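The values are calculated or read from the model by the stated rules, or taken from the named source; none is laboratory data. From a predicted model like this one, the values you see are computed outputs, not experimental measurements. Here the Cβ is made from the backbone with ideal geometry for all residues, glycine too, and neighbour counts use every protein chain on show.
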């Protein structure tokens, strides 16, 4: 087995790419997808540690994160649809109203 | 360099059975899919007072091959405004998902690629859940209204019915107590019963959901010919189209295999514990031999040389396989002490479970697929909202209730010490009752809904114009 | 909601009745679409999958039949009418021949009229069978089509034996019949009719009680009786809406006044009722055929009309109950050998007008289920 | 040996397609690359002997969440490429954030080297035979030690579902 | 109606027996030729096929509309009312409401190029309660517009479009008057008598079908 650092660097790379996506993209859907990517990076971390310590807790948390991602996606996409219906845009910087 | 080579060699040495199975799946499934199409045409013809394909080969036996050749040499069109990359990628994805998911299926006790994977059937279900991507992306990439509508329909449909299928599988998993394919079959062997008898509701919800998942009539809305031309496949032709087509039929095999494994006793022959029914095992050899003889008889009457030659090949194949079956059967049944020491005898003998398991398994899968065909030629097509209503208002609650009732049954068994049979019968009856209630309730609502559509229709302002 | 809308900036147009405010989708059905029954093109305006408007584009099969009529003699034009509703050629021929006979003020002899009735009723069955098969196919039931074709084949064989043609038969002549009934006509018709009841039962078994079929056809494509009449829709469409009216009873022609039959009517005027009405009409046609073959009067089969037809100047309108509805012929004569004007009132054309009314508010899927129910034949719509 | 080949294969695909995902203009293409990333992550889970998570990732993430994404992208007609970043400032922000996080991580790795035998680059996995059957073990902890979080997660999902339905519903209230 | 000028040398010539305007069937040309009505010339031996209609129905109409009912005839036992064009829609509405002719069975036109009022509009009405038919007619000059019957019977929609397509008669008040059977850009109105049977819009055919001629 490889040392755990490999997994951590992979996770770090995905996290960074996700963060760059969140910051630079204007399209809210792609921003959401970048967030999914970040969550996924976290999962790699958890599963890797779970394997390395022979403890299943990490995987349990990874499962919770997947559930959380599902909830986040559902709500996020719901907001996007509601927003799109009213404003016909999905660009993040045009979402400047706190209320509509 | 040498180290890499050695690594590869070592890899092959450890995994050769799995590799062989994988290669076989990739090679044989398209052929089988082609012949399922032929069988479908023949079944359809039989139900519709026709003959079906008769031209290529005797009774159209070579039709699938002619079709395949035609598809391969057909011009491969990509629409101008299509998304080239995804248009190329989507059918490959569909096909890959379908073939990969076969990896965890046990076609008999031997024939399985991912043998000791402990998520077993879950793997099959999960990977075949990738299939919708191929459909939805292909529909989107075609840049065509029909394709997009077909794609959206199919996604919605697949997601809805996957839930039902999942719950139905859970009820089976609960009974088996494991996800591992071979253990599921062993559990049914040990329990002396196929799970279809313990949880009939589970089986039937799975049957319906699997028809919907493979986009077959009466749930074939994504490719409803009379409305959406060919749905998501409208813009596809030639090889890419045939990939979709193969994926569809491969998926039929997959869902059939999953249903068979979980509910119909997998590769077990009927009544595996009843010794005097042992003669049933001679059936495959006899059947194949009969087909071979028939082919020999017909070979002389073929109009074209190629056809005759092909017939001979088929006949030879059948007879050779029949001989192998026969030999294995004899080796298994006989008890000569003199032969016990012979190496080849032992080999033959050890082949017995694998061969016969595969035979019974495939027979059950065929029966399962026959049900698909039967329904297709009997029933009209659902409307999309009706399909969704059936899925969400009846099947999902019903399968959920079924999971609970199976759980209750198991609890009765483990904590109150009931027998498994009475517990399961009791809970199944309860589930059926709930199902009836659901259907009645839904009928009432469906009538109200369609009445409201009708009322809507009369309200729509119209000027008779156009 | 209104003041909320005002807070949104003005750039966004308000389109409340479309899905997600996206543009309406315009889908083109036909002329090359598997379920538009020929070269009909329907432009559907959709909101999601719901139809909010439609426009029929027709004329792809226009041949100028009415213009041709003005340049042919009366007899020469008769074969042309077969090409209009080519799945019910016999009925077309009957209408035209009777119209010209009226114009000439002659009447076909009784024997001719009875044979005409038999053939026309067989044609009605054949036409309804074809309709049933294709309609079921539209809704996704594959099998009835082949059953229907099987029975239609028997009828076409009778036609073939009678006049040598199967589809565009030109079975009748102005003034009567050209061919005497062949020897076994009665026997053939009787054999067909005897077996046919069971066959109809077969279709009913497949469809009538099938809950998917019911779900697809009930309350779909509703057309009220007032709308039917206002839009001119006739035939089974009108009867399915509950109007108990049939030209064969109202203004009998040929030999229909001699036979007993019922006019089936529907209750709601939906797709299912139209299906039931047509099924029942097939049963009634079968009964008419059985009554007719019992007693075919002897006698001549042709009235005395000259070789050259020169009807006195004037005009006549004659309509029959074709399988699809009122098929009318308005013929103006100027006393010459060629008609001055032949106007054909095609039932399909006018029933098709009601399509828009039927499909509004339904889903695209229902359009496919509805589009077959007026039973249109594009050869007749476009003429 | 085989292990590291498998790991680098999947890791390479994951990083590459993640990079493609954030740079594609077309949202559908982004989604496709995200799917690729998620699938290769699933492969890494398998390599880590987390079989249940592997299939969970495929069924839930790929088969569920991503289908939802694609569905929404199609529904709101995002298939047209949208204009990219307006200002360069954001790109700078992104670069700086990335740099800072990277340095931080590198620092941690460097720090961890100081503990002998526990450094992140040398920590080895527990022996395979120590691992219990994955699925059963996971199930036992989910319904045992982590029952409360599990229930909370399910409530969260329920709430999210209701919220999504409410927000996604077409508003038909009359003015 | 650009081809109006061609009307005189219209292709009625292939019909040698075609009668001149004076010998035209009286029913059709009634408004222009009240004087020629009793002629009924050709069939000297047989009884006249067109006789004046004098029954309850025609009396009611005359009473209601007076001079607007130009003529009432019976041809082969079929009732015909000839109506002033301007009153056509009113008569139609009255027929529907008071006389219960609730079905517009057919609506068409006939071209009489030699007459002063060139086009006849012919509507076939049917009454469900009384089981009778009635034919309403009116005559139009070449350029004259007609009132659309769409507001009386929606069924007139396509029928009027077809008349417009084939004869070029424009209907006032029609919601969407455009060609129905022929292509929208087609030149000419084929059912006019001056449109030869071999004639076609060759320019359209060449442009849209890519062939020299459709014949």
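Among the residues of segment B:57-94, count how many are in a helix (DSSP H, G or I) and under 25 Å from residue B:41 (Cα atoms).
Our first condition is that a residue be in a helix (DSSP H, G or I); within segment B:57-94, this holds for B:58-60, B:63-73, B:84-94.
Going one step further and asking which of them are under 25 Å from residue B:41 (Cα atoms), we end up with B:58-60, B:63-73, B:91, B:94.
Looking only at that region, the number is 16.
Taking residues in segment D:35-53 that are in the same structural domain as residue D:3 (by TED's automatic domain parsing), and partners anywhere that are in a loop (DSSP other than H, G, I, E, B) and crowded, with 24+ Cβ neighbours inside 10 Å, not one pair has Cβ atoms closer than 8 Å while being at least 6 places apart or on different chains.
For residue C:207, are the conditions met, namely being in the same structural domain as residue C:73 (by TED's automatic domain parsing) and either in contact with a helix residue (DSSP H, G or I) (Cβ under 6 Å, 6 or more places away or on another chain) or within 21 Å of residue B:375 (Cα to Cα) (or both)?
Numbers: in the same structural domain as residue C:73 (by TED's automatic domain parsing): yes; either in contact with a helix residue (DSSP H, G or I) (Cβ under 6 Å, 6 or more places away or on another chain) or within 21 Å of residue B:375 (Cα to Cα) (or both): yes.
Answer is yes for this residue.
For (1) over 21 Å from residue C:82 (Cβ atoms); (2) without any contact (Cβ under 8 Å) to a residue 40 or more places away in the chain, each residue gets a yes or a no:
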site	(1), (2)
C:176	no, no
C:184	yes, yes
C:199	yes, no
C:202	yes, no
C:252	yes, yes
C:257	yes, yes
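Mind checking which residues of segment E:67-86 are free of Cβ contacts under 8 Å to residues at least 40 places away in the same chain and in contact with a helix residue (DSSP H, G or I) (Cβ under 7 Å, 6 or more places away or on another chain)?
Let us first name the residues in segment E:67-86 that are free of Cβ contacts under 8 Å to residues at least 40 places away in the same chain, namely E:67-69, E:72, E:74, E:76-77.
Passing the criteria: E:68, E:69, E:72, E:76.
Candidates D:42, D:27: the one that is touching a strand residue (DSSP E or B) at 6+ places or on another chain (Cβ under 7 Å) and more than 13 Å from residue A:37 (Cβ to Cβ) is D:27.
Taking the stated definitions as given, is residue B:45 free of Cβ contacts under 8 Å to residues at least 40 places away in the same chain, farther than 22 Å from residue B:250 by Cβ and within 14 Å of chain C (Cβ to nearest Cβ)?
Working: free of Cβ contacts under 8 Å to residues at least 40 places away in the same chain: yes; farther than 22 Å from residue B:250 by Cβ: yes; within 14 Å of chain C (Cβ to nearest Cβ): yes.
The answer is yes for residue B:45.
Need a quick list: helices (runs of 4 or more DSSP H) entirely within segment B:107-193 having at least 1 residues that are crowded, with 19+ Cβ neighbours inside 10 Å, within 13 Å of chain D (Cβ to nearest Cβ) and over 18 Å from the mean Cα position of the chain (by Cα). Reasoning before the result, please.
Working: elements: B:121-128, B:131-141, B:145-176, B:181-190.
Qualifying helices (runs of 4 or more DSSP H): B:131-141, B:145-176.
Step by step: first the residues of segment E:131-168, then only those that are assigned to a loop (DSSP other than H, G, I, E, B) and within 14 Å of chain C (Cβ to nearest Cβ), then the one that is nearest to residue C:315 (Cα to Cα). Which residue is that? Per the criteria, the residue is E:131. I'd like to know if segment C:123-146 contains one or more residues that are buried (at least 20 other Cβ atoms within 10 Å of the Cβ) and either on the phi > 0 side of the Ramachandran plot or not assigned by TED's automatic domain parsing to the domain that holds residue C:176 (or both). For segment C:123-146, residues buried (at least 20 other Cβ atoms within 10 Å of the Cβ) and either on the phi > 0 side of the Ramachandran plot or not assigned by TED's automatic domain parsing to the domain that holds residue C:176 (or both): present. Of all the residues in segment C:201-213, those that are facing chain B (nearest Cβ under 10 Å) and crowded, with 16+ Cβ neighbours inside 10 Å number 5. Of all the listed residues (C:292, C:298), the sole one being within 29 Å of residue C:127 (Cβ to Cβ) and either assigned by TED's automatic domain parsing to the domain that holds residue C:341 or surrounded by 17 or more Cβ atoms within 10 Å (Cβ to Cβ) (or both) is C:292.
Quick one: in segment D:43-55, which of the residues that are within 11 Å of chain B (Cβ to nearest Cβ) and crowded, with 23+ Cβ neighbours inside 10 Å is farthest from residue B:138 (Cα to Cα)? The qualifying residue farthest from residue B:138 (Cα to Cα) is D:50. Looking only at residues in segment D:1-41 that are touching a helix residue (DSSP H, G or I) at 6+ places or on another chain (Cβ under 7 Å) and not in a helix (DSSP H, G or I), the one that is farthest from the other protein chains (Cβ to nearest Cβ) is D:24.
Inspect segment E:39-60 for any residue being in contact with a helix residue (DSSP H, G or I) (Cβ under 8 Å, 6 or more places away or on another chain), away from every other protein chain (no Cβ under 13 Å) and at pLDDT 80 or above and give the result as yes or no. Checked segment E:39-60: no residue is in contact with a helix residue (DSSP H, G or I) (Cβ under 8 Å, 6 or more places away or on another chain), away from every other protein chain (no Cβ under 13 Å) and at pLDDT 80 or above. Checking every residue in segment A:26-49 against the condition of being closer than 20 Å to residue D:146 by Cα, more than 7 Å from chain D (Cβ to nearest Cβ) and modelled with pLDDT under 85 gives at least one match. Scanning segment D:62-80 for residues that are more than 10 Å from chain B (Cβ to nearest Cβ), modelled with pLDDT under 85 and in a helix (DSSP H, G or I) yields a single hit, D:72.
Results for (1) surrounded by 13 or more Cβ atoms within 10 Å (Cβ to Cβ); (2) in contact (Cβ under 8 Å) with a residue 12 or more places away in the chain, shown as yes or no for each residue.
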site: B:52; (1), (2): yes, no
site: B:56; (1), (2): yes, yes
site: B:59; (1), (2): yes, yes
site: B:64; (1), (2): yes, yes
site: B:67; (1), (2): yes, yes
site: B:72; (1), (2): no, yes
site: B:80; (1), (2): no, no
site: B:86; (1), (2): yes, yes
site: B:90; (1), (2): yes, yes
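Output the residues belonging to segment C:349-370 that are more than 9 Å from chain B (Cβ to nearest Cβ) and more than 15 Å from residue C:269 (Cβ to Cβ). Those that are more than 9 Å from chain B (Cβ to nearest Cβ) and more than 15 Å from residue C:269 (Cβ to Cβ): C:349, C:350, C:352.
What are the residues in segment C:332-348 that are assigned to a loop (DSSP other than H, G, I, E, B) and either more than 7 Å from chain E (Cβ to nearest Cβ) or in contact (Cβ under 8 Å) with a residue 40 or more places away in the chain (or both), if any? First the steps, then the outcome.
Step one: of segment C:332-348, the residues assigned to a loop (DSSP other than H, G, I, E, B) are C:334-340, C:346.
Across segment C:332-348, the qualifying residues are C:337, C:338, C:339, C:340, C:346.
Within segment C:308-326, does at least one residue satisfy the condition of being assigned by TED's automatic domain parsing to the domain that holds residue C:221, part of a helix (DSSP H, G or I), touching a residue at least 24 places away in the same chain (Cβ under 8 Å) and buried (at least 24 other Cβ atoms within 10 Å of the Cβ)? Write out each step before concluding.
Looking only at segment C:308-326, we keep the residues that are assigned by TED's automatic domain parsing to the domain that holds residue C:221, and these are C:308-326.
Among the residues that remain, those that are also part of a helix (DSSP H, G or I) are: none.
No, because not a single residue in segment C:308-326 is assigned by TED's automatic domain parsing to the domain that holds residue C:221, part of a helix (DSSP H, G or I), touching a residue at least 24 places away in the same chain (Cβ under 8 Å) and buried (at least 24 other Cβ atoms within 10 Å of the Cβ).
For segment E:178-210, the set of residues classified as part of a loop (DSSP other than H, G, I, E, B), away from chain C (no Cβ under 12 Å) and surrounded by fewer than 14 Cβ atoms within 10 Å (Cβ to Cβ) consists of E:185, E:187, E:210, listed by residue number.
Would you be able to say whether some residue in segment B:4-22 is in contact with a helix residue (DSSP H, G or I) (Cβ under 6 Å, 6 or more places away or on another chain) and either surrounded by 14 or more Cβ atoms within 10 Å (Cβ to Cβ) or away from chain C (no Cβ under 14 Å) (or both)? Checked segment B:4-22: no residue is in contact with a helix residue (DSSP H, G or I) (Cβ under 6 Å, 6 or more places away or on another chain) and either surrounded by 14 or more Cβ atoms within 10 Å (Cβ to Cβ) or away from chain C (no Cβ under 14 Å) (or both).
This table checks each residue for (1) assigned to a helix (DSSP H, G or I); (2) crowded, with 18+ Cβ neighbours inside 10 Å; (3) at pLDDT 90 or above.
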| site | (1), (2), (3) |
| --- | --- |
| C:234 | no, yes, no |
| C:244 | no, no, no |
| C:249 | yes, no, no |
| C:252 | no, no, no |
| C:260 | no, no, no |
| C:264 | no, yes, no |
| C:269 | no, yes, no |
| C:272 | yes, yes, no |
| C:278 | yes, yes, yes |
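Against the numbered list (1) farther than 20 Å from residue E:146 by Cα; (2) at pLDDT 85 or above, residue E:63 comes up short only at (2).
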